[in-house]
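Everything below concerns the one structure shown next.
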Amino acid sequence: MQQSISSLLYEGKAKKIFTTQHQDECLVFFKNDATAFNGKKHAEVEGKGSLNCEISSLLFRFLESNGIQTHFLDNQENCWMLVQKVEIIPLEVVVRNIASGSLCKQTPIPPDKVLSCPLVDFYFKDDSLGDPLLTEARLDLLGLVSNDQRIELKRLALEVNGLLKDFFKKIDLLLVDFKLEMGLNQKGQLLIADEISPDTCRIWDLNAKDPQDRILDKDRFRKELGGVREGYSEILNRIKGFYKGRE
Ligand code: UDP
């Protein structure tokens, strides 16, 4: 690895963040740990860290090539990614194209319903509170972002959705929903941070008819369908195949 690790800055459920000799950079290590239901379900999935690291790197590169600023700097060996150090805004910004997961638990909207336009939800990033869904008024009350920043976060999330949705469609994948985290770098620029991977997105195989077979993301783990690594690998292979086909 080109960069040397200084110390552990933060350990989350799926990643460890280390400082490096450069104060504006961090190294991210993607773990094999899989968790769901706010950490109540846990397992190790061999190879998951490396798959998520590679998928995230390719998706960050794709976004960068489309003018979206991300924290991504470089893909290091195996499970390691070099990123810009950012102050994470403690919000999870979720974009949904098709109803699934918590949207169907909290509303009468049936699973699989195609939403007439993408829905953007903000959640407060706090495991001890179970990452609660925020109303706009609660978001204002918490004062985590200004009104202009909230508008910008939503605009950025929708732009990322448009780009990713079109990209995935080209490789016969359907982007159901996903979560973004954003942060400010030392220059105060807003960057897409964290990861964009099958851990944080719902992605279906458009070539599969069966409602279980089509699932390629963390729902394979949540729903105990097996084949978690195989689903993630399929996504990676399709992305790589797209770039190979253009060489
Ligand atoms: N998501 C995530 N981290 C979270 C919560 C959600 O990455 O802490 C992702 C999840 O993988 C899905 C989308 O955000 O792609 C919407 O998740 P949902 O609100 O439906 O929550 P779930 O019921 O899946 O926990």
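Remark: D210 falls outside the filter, which requires a residue to be without any contact (Cβ under 8 Å) to a residue 60 or more places away in the chain, surrounded by 20 or more Cβ atoms within 10 Å (Cβ to Cβ) and in a loop (DSSP other than H, G, I, E, B). Among the residues making up the range 218-242, those that are closer than 15 Å to E54 by Cα and without any contact (Cβ under 8 Å) to a residue 24 or more places away in the chain are E230, N237. On the given criteria, is G130 surrounded by 10 or more Cβ atoms within 10 Å (Cβ to Cβ) and small (G, A, S)? Judged against the criteria, G130 is a match.
Could you tell me whether the range 226-234 includes any residue that is more than 15 Å from the ligand (Cβ to nearest atom) and over 29 Å from H42 (Cα atoms)? Within the range 226-234, not a single residue is more than 15 Å from the ligand (Cβ to nearest atom) and over 29 Å from H42 (Cα atoms). Find the residue count for the range 101-127, including only residues that are part of a loop (DSSP other than H, G, I, E, B), surrounded by 14 or more Cβ atoms within 10 Å (Cβ to Cβ) and not β-branched (V, I, T). Summing the residues that are part of a loop (DSSP other than H, G, I, E, B), surrounded by 14 or more Cβ atoms within 10 Å (Cβ to Cβ) and not β-branched (V, I, T) in the range 101-127 gives 1. For L191, the conditions (1) of a type in the set (A, V, I, L, M, F, W, C); (2) more than 13 Å from the ligand (Cβ to nearest atom); (3) part of a helix (DSSP H, G or I); (4) in contact (Cβ under 8 Å) with a residue 40 or more places away in the chain are fulfilled apart from (3). Considering L153, L144, L133, L119, the condition of being touching a residue at least 24 places away in the same chain (Cβ under 8 Å), under 29 Å from S50 (Cα atoms) and hydrophobic (A, V, I, L, M, F, W, C) is satisfied by L153 alone.
Only one of the numbered conditions (1) among the hydrophobic types (A, V, I, L, M, F, W, C); (2) within 15 Å of the ligand (Cβ to nearest atom); (3) within 17 Å of E195 (Cα to Cα) is not met by L133, and that is (3). Can you tell me which residue in the range 28-52 is farthest from the ligand (Cβ to nearest atom), limited to those that are among the small types (G, A, S) and at positive phi? For the range 28-52, the residue satisfying everything is G47.
When you check I171 against the structure, is it surrounded by 15 or more Cβ atoms within 10 Å (Cβ to Cβ) and under 30 Å from D24 (Cα atoms), yes or no? Spell out the reasoning first.
Values: surrounded by 15 or more Cβ atoms within 10 Å (Cβ to Cβ): yes; under 30 Å from D24 (Cα atoms): no.
No; evaluated as a whole, the condition is false for this residue.
No other residue among K154, K179, K165 is within 14 Å of the ligand (Cβ to nearest atom), in a helix (DSSP H, G or I) and not aliphatic (A, V, I, L, M) apart from K165.
Every number here is computed from the coordinates shown, using simple stated rules; none is lab data. None of these values were measured; they are calculated from a predicted model. FYI the Cβ positions are ideal-geometry reconstructions off the backbone, even for glycines, and counts take in every protein chain you see.
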